[in-house]
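Peer 1: Structure provided below as structure tokens; questions to follow.
The values are calculated or read from the model by the stated rules, or taken from the named source; none is laboratory data. Just so we're clear, the structure is a prediction, and the values are computed from it rather than from any experiment. FYI the Cβ positions are ideal-geometry reconstructions off the backbone, even for glycines, and counts take in every protein chain you see. Ligands, DNA and RNA are excluded from the accessible area calculation, which covers all protein heavy atoms including side chains. Shrake-Rupley method; radii C 1.70, N 1.55, O 1.52, S 1.80 Å.
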Amino acid sequence: MGVLVAAGALPMVLAGPAQADRLDCMNYLKSKGYVVGPKVVDACGQTEGGCLFALPQIKVKGPDAIEACYRINR
């Protein structure tokens, strides 16, 4: 029984940090006054490189995009 519980918990453990990083990215942008809508959520859900490409496309200033995207891999 213990093995089954541990195996079932594994996906939650693996998903946790990535979700937190995505939220760090979104919360940073929100703290800078940006509206966190679907495009920001999508950008923050990408890799750091994908994020760095996507955020300026939706008018996020360069320094803010760099800092937000850096938080994805922290």
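Peer 1: Identify all residues within region 34-74 that are open to solvent by less than 20 Å² (accessible area, probe 1.4 Å) and in contact with a Phe, Trp or Tyr (Cβ under 7 Å, 6 or more places away or on another chain); write none if there are none.
Peer 2: Hits for region 34-74 are Val40, Val60, Ala68.
Peer 1: Identify all residues within region 18-74 that are modelled with pLDDT of 95 or more, charged (D, E, K, R) and outside any loop (DSSP other than H, G, I, E, B); write none if there are none.
Peer 2: Answer for region 18-74, where residues must be modelled with pLDDT of 95 or more, charged (D, E, K, R) and outside any loop (DSSP other than H, G, I, E, B): Asp24, Lys30, Lys39, Asp42, Asp64, Glu67.
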